């Protein structure tokens, strides 16, 4: 069985080596890039990259631009690394389709745990699982969504959020519970993360976005209205 490939992008060779060493111990294959331009080139050349760990501050092309260019090509999961702990940066990352956001300094063990959690969710589900909720259809193995028969392009995290809602139809879900189950227990975020993703998800689902009901002061509930 071939190794799962992960692309590590950081202009600091010491940081790349640190992350690579921890990933290799878990038997991942690791590709490296020292800047955004190099990262995009490597991604284009290697279609089987399963996940990208992407630094923000880099020469030639920063992480934001690299994320934009990669997102134009693929919904591959992206974990963004930054030296800043600015809430605006975090929200920008999610707007660009970043799946996880980690501020430096960080624990390499926590980073690897998040990598494994994302990959479990993308590859560890039954190949035949298919979910239908009203006019929404999810093909779990293909990671695709159709709304009223038309394909809708969702980011990895938007798909996971919709999947969680559909599986828990009719259940009132607190923001904390959604964070714990969709972003994993070790995500240090807050309600704005959930609200930003729900807003984008509703928009992409069109009329079916109304299935996601807001429970003020608590969270959300996914309900399909019976006609």
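From the list 119, 162, 154, 138, which one is at pLDDT 80 or above and in the same structural domain as residue 70 (by TED's automatic domain parsing)?
Every option except 119 fails the conditions.
Condition check: modelled with pLDDT under 80 and part of a loop (DSSP other than H, G, I, E, B). Does residue 128 satisfy that?
Answer is yes for this residue.
Let me confirm something: among 41, 27, which residue is touching a residue at least 24 places away in the same chain (Cβ under 8 Å), surrounded by fewer than 17 Cβ atoms within 10 Å (Cβ to Cβ) and over 17 Å from residue 104 (Cβ atoms)?
Only one candidate passes the filter, namely 27.
Looking only at residues that are crowded, with 20+ Cβ neighbours inside 10 Å and touching a strand residue (DSSP E or B) at 6+ places or on another chain (Cβ under 6 Å) in the stretch 83-101, which one is modelled with the lowest pLDDT?
90
Filter the stretch 1-32 for residues that are assigned to a strand (DSSP E or B) and in contact with a helix residue (DSSP H, G or I) (Cβ under 9 Å, 6 or more places away or on another chain) and give the result.
6, 7, 8, 9, 29, 30, 31, 32
Mind checking which residues of the stretch 131-169 are in a strand (DSSP E or B) and crowded, with 17+ Cβ neighbours inside 10 Å?
Of everything in the stretch 131-169, those that are in a strand (DSSP E or B) and crowded, with 17+ Cβ neighbours inside 10 Å turn out to be 133, 136, 137, 138, 145, 147, 152.
Residue under question is residue 38, and the condition is that it be farther than 19 Å from residue 101 by Cβ and at pLDDT 95 or above; does it hold?
yes
Take residue 109 and tell me if it is assigned to a helix (DSSP H, G or I), modelled with pLDDT of 80 or more and in contact with a helix residue (DSSP H, G or I) (Cβ under 8 Å, 6 or more places away or on another chain).
Judged against the criteria, residue 109 is a match.
Among the residues of the stretch 182-202, is there at least one that is crowded, with 20+ Cβ neighbours inside 10 Å, at pLDDT below 90 and out of contact with any helix residue (DSSP H, G or I) (no Cβ under 6 Å at 6 or more places or on another chain)?
There is at least one residue in the stretch 182-202 that is crowded, with 20+ Cβ neighbours inside 10 Å, at pLDDT below 90 and out of contact with any helix residue (DSSP H, G or I) (no Cβ under 6 Å at 6 or more places or on another chain).
The values are calculated or read from the model by the stated rules, or taken from the named source; none is laboratory data. Everything quoted here is computed from the prediction, not taken from an experiment. Every residue, glycine as well, gets a Cβ built from its backbone with ideal geometry; the counts of neighbours run over all protein chains shown.
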